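A short write-up of the structure that comes next.
The values are calculated or read from the model by the stated rules, or taken from the named source; none is laboratory data. None of these values were measured; they are calculated from a predicted model. For neighbour counting, all protein chains shown are included, and Cβ atoms are generated from backbone atoms with ideal geometry for every residue, glycine included. Keep in mind that these areas ignore ligands, DNA and RNA; they rest on the heavy atoms of the full protein, side chains included. Shrake-Rupley method; radii C 1.70, N 1.55, O 1.52, S 1.80 Å.
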Amino acid sequence: MRTAYELAGKYLNLSLSDKYIRETEGSNKDVVSVGSSIVIHDIYNYADKMSADPTGYQFEHPDEKWMNLIGFYPDDVSVGIGTTGYFVGYKTFQRAIETTSKAMLLSLLDGDSKRTTTVGVGSTRAKLDIFFNTLKYKSSRDTTIKPWSNWNDSVGICTPTSISRNDNVAIVTTTPAHGMTTQYDDWGVVMNLNTGIATSFNISTTRHPNGVPVKIIDANTFSYRNSGLNTSITGLSGTASIQVGWGGTSNNLHLYVY
Amino acid sequence: MTFNWPDVPFSGTKVDAFVVAYKAFAQEVLDAYDTEFYDAAHSVEYIRLPYMTKENVKIYLEKALVYSAFVIKQRAGESGPGTDFELGNSPLDLELPPGEAGSLLKKLGCTWDNDSFDICFENGDNDNPDDKKLAPSSPPPEVDDVADGAEDDDCPKTLSNYRGGGPKATNNGQTPDKSLLWQTYVAVLKSAGLGLLAIGRGSLWTTGDMLGHYLGGSGSTYTGTGFVTPTLGVEINSYVNKYSASYVTELNPSSAARSAYGMDANDKMYSVDFYGYLWLASGFGTATIITDGSENNVGNIIGNISYVKQIIDDYDFLYAYTIVRNSGLPGLPLESDDSIESGLYLCTEQEQRTVCGALSQGGFTGLQYVVRLPVAEAHGDGCVPFQEERAQDTGKPFPVRIQFSRTSGNGL
């Protein structure tokens, strides 16, 4: 297997160069320490911490757009690249590993596979159906079985009363309390505000069917990443649907390379 | 195909049970892969691209084990490294072999700041010459967006070019002529197909060539291309033997059919569903093959097929033009009472559909939509009576009859 894939397969992605990840990780460690030897620090987590949708090409390399267009992917990425003259980026490879990991967790674990560690007792056939169902295009899915039968289900609705955006982070205040406990860090939200500029805070369920991750500030306040102009709005009309995903910083796998 | 599992540096009752279940189920996935995709409704093309081959899924399953176990460990609160950067607290250490460490350090070695590390790393693999080549221009955005999985459930309700199909007639001439785009598409398919020839796959090149043949509008019988056909024959031979238990059905041709196809006394005929591999599915769907009959069949169990002599099909579509056979046989020139009509997804007695509507009728989105778009757009919306003089604009279906000689891997 080529070197870039070996590194990606060991979850290396140099994600600590991402300001948000470094801040949410709460660590003062940098990507690299230089002492008597070089130690590289890194963190790995699912790139999409809410969704069960399978990933395709990540378009890291221009070849990938053409390969996606013609529906071509090497038969065996570990040996096919270099012999075919086409390049599949390591991000595509790493995301495919993540999708496969999610498909396995969904197939093997009980219930909706969230928060549980219990291996389910379903038949092998039923688990295979879930596994392949997870990897299918949207139009071909069986929505009566996992994950599409329940993964994107809301676990509650809360009412935002004010919202602000600063440095591409949205802060939402709800009344009454939003109901998310700090016992878990897998919470997410689908914002659905109805009027004016407030709609710029909305989350598209086409792009994010299970919402986006949130960070709980207190019983009535939470934040999420949201690009846009700095602004502050009160007197909101609309709702926020509370979702549950894979998990946040608790799933950060800390890596050393030396 | 056996797994090469990495070590899992986490332990505990829950993690251990999960790892055992993971490995056992991963084997079930691989074992099932060859029988999971067997007809048009269960085609491998409904799986997203990176997961369309068993070989890649095996690699992903291996690489996903450690992180999946880590998620379980964190949920269960069990022991093991990977939860912080404190040296004394057992982080997950990766000691890279010299090659990988050298490559990583080379990437990191451009400039000693974080942003440059990232750029160096993300620019690709320094030991990959392909990574540094001149980047091709991007596909047209409208196609690229759809290929990327964009799914639009809202097809136009109104037929825009009922007065006549073809790319130049689309939307009464208001939209660009896309024939050049689809010619480019054909060229890209064949270019990529050339690369795959080297690893024993002729199906991608042939699919591109047949698409070009359709859009060219000659309608003549497609007999393959000399330098690709031997590879295609070996590929088809390999496919039918791999999937003979599931996707290959022996047929009992009439004496007239045997004569028409030039079958020898011992030759056998089979129907094959090619939906287990994307480009065979795209080129042939379900097709007929003729073998030399040396295989030893026992009841419905088909023996090892040594030599595939012919593949026979009609290259036509439910969402473009289709060949309606009355007295003619697939793969042979059309008889006088055979006809070419708009496919059932576009045109029924009760309803006519747009190109988008016809493809949606088939449940095609994303990549599946794109690979079908050239022929559907060439046809245009709704019922469009086939006109020979417009075949270069609208495309024309044709018989496929490719005959294979014995070559290494197919009969020798």
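Remarks
- Some residue of the range A:95-110 being open to solvent by 40 Å² or more (accessible area, probe 1.4 Å), more than 8 Å from chain B (Cβ to nearest Cβ) and assigned to a loop (DSSP other than H, G, I, E, B): yes
- Just one of the numbered conditions (1) surrounded by fewer than 21 Cβ atoms within 10 Å (Cβ to Cβ); (2) among the hydrophobic types (A, V, I, L, M, F, W, C); (3) not in a loop (DSSP other than H, G, I, E, B) is not true of B:ALA378: (1).
- Test for A:SER51: is it at the interface with chain B (Cβ under 7 Å from one of its Cβ atoms), at pLDDT 80 or above and surrounded by 20 or more Cβ atoms within 10 Å (Cβ to Cβ): no
- Scope the range B:203-255; condition in a helix (DSSP H, G or I), among the small types (Gly, Ala, Ser), touching a residue at least 12 places away in the same chain (Cβ under 8 Å) and over 16 Å from B:PRO374 (Cβ atoms); matching residues: B:SER203, B:GLY233, B:SER238, B:SER244, B:ALA245, B:SER246
- Within this structure, B:TYR60 passes the test of being without any contact (Cβ under 8 Å) to a residue 24 or more places away in the chain, within 28 Å of B:GLY12 (Cβ to Cβ), within 8 Å of chain A (Cβ to nearest Cβ) and open to solvent by less than 10 Å² (accessible area, probe 1.4 Å).
- Residues (within 26 Å of B:THR229 (Cα to Cα), open to solvent by 10 Å² or more (accessible area, probe 1.4 Å) and assigned to a loop (DSSP other than H, G, I, E, B)) located in the range B:381-403: B:LYS396
- Only one of the numbered conditions (1) surrounded by fewer than 14 Cβ atoms within 10 Å (Cβ to Cβ); (2) more than 30 Å from B:PHE85 (Cα to Cα) is not met by A:ASP218, and that is (2).
- If you check B:MET269, B:MET263 for being of a type outside the set (D, E, K, R), assigned to a loop (DSSP other than H, G, I, E, B) and modelled with pLDDT of 90 or more, only one passes: B:MET263.
- Within the range A:169-203, considering residues that are out of contact with any strand residue (DSSP E or B) (no Cβ under 7 Å at 6 or more places or on another chain) and within 30 Å of B:GLN74 (Cα to Cα), the one most open to solvent (accessible area, probe 1.4 Å): A:GLN183
- Condition met for A:LYS114 (basic (Lys, Arg), open to solvent by less than 50 Å² (accessible area, probe 1.4 Å), at pLDDT 95 or above and outside any loop (DSSP other than H, G, I, E, B)): no
- Put simply, of B:PHE25, B:PHE37, B:PHE70 the only residue that is in contact with a strand residue (DSSP E or B) (Cβ under 6 Å, 6 or more places away or on another chain) and not β-branched (Val, Ile, Thr) is B:PHE70.
- Condition met for A:ASN166 (farther than 15 Å from B:ASN56 by Cβ, away from chain B (no Cβ under 13 Å) and either free of Cβ contacts under 8 Å to residues at least 12 places away in the same chain or surrounded by fewer than 16 Cβ atoms within 10 Å (Cβ to Cβ) (or both)): yes
- Taking the criterion of being surrounded by 24 or more Cβ atoms within 10 Å (Cβ to Cβ) and away from chain A (no Cβ under 14 Å), the only residue of the range B:187-214 that qualifies is B:TYR214.
- With respect to the conditions (1) within 14 Å of chain B (Cβ to nearest Cβ); (2) without any contact (Cβ under 8 Å) to a residue 60 or more places away in the chain, A:VAL244 lacks only one, and its number is (2).
- For the range B:294-311, the condition of being modelled with pLDDT of 95 or more, within 30 Å of A:LEU69 (Cβ to Cβ) and in contact with a Phe, Trp or Tyr (Cβ under 8 Å, 6 or more places away or on another chain) holds for at least one residue.
- Screening the candidates A:ASN192, A:ASN202, A:ASN152 for the property of being of a type outside the set (Val, Ile, Thr) and farther than 13 Å from A:GLN243 by Cβ yields one hit, A:ASN202.
- Only one entry in B:THR286, B:THR291, B:THR184, B:THR231 is open to solvent by less than 40 Å² (accessible area, probe 1.4 Å), hydroxyl-bearing (Ser, Thr, Tyr) and within 21 Å of the chain's Cα centre (by Cα), namely B:THR231.
Here is a yes/no grid of residues against (1) assigned to a helix (DSSP H, G or I); (2) at the interface with another protein chain (Cβ under 7 Å from one of its Cβ atoms); (3) modelled with pLDDT under 80; (4) open to solvent by 60 Å² or more (accessible area, probe 1.4 Å):
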| site | (1), (2), (3), (4) |
| --- | --- |
| B:PHE18 | yes, yes, no, no |
| B:LYS23 | yes, no, no, yes |
| B:PRO50 | yes, yes, no, no |
| B:GLY102 | yes, no, yes, no |
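- Counting only strands (runs of 3 or more DSSP E) that fall entirely inside the range B:308-360 and contain at least 3 residues that are farther than 29 Å from B:LEU232 by Cα and in contact (Cβ under 8 Å) with a residue 12 or more places away in the chain, the qualifying elements are B:339-342.
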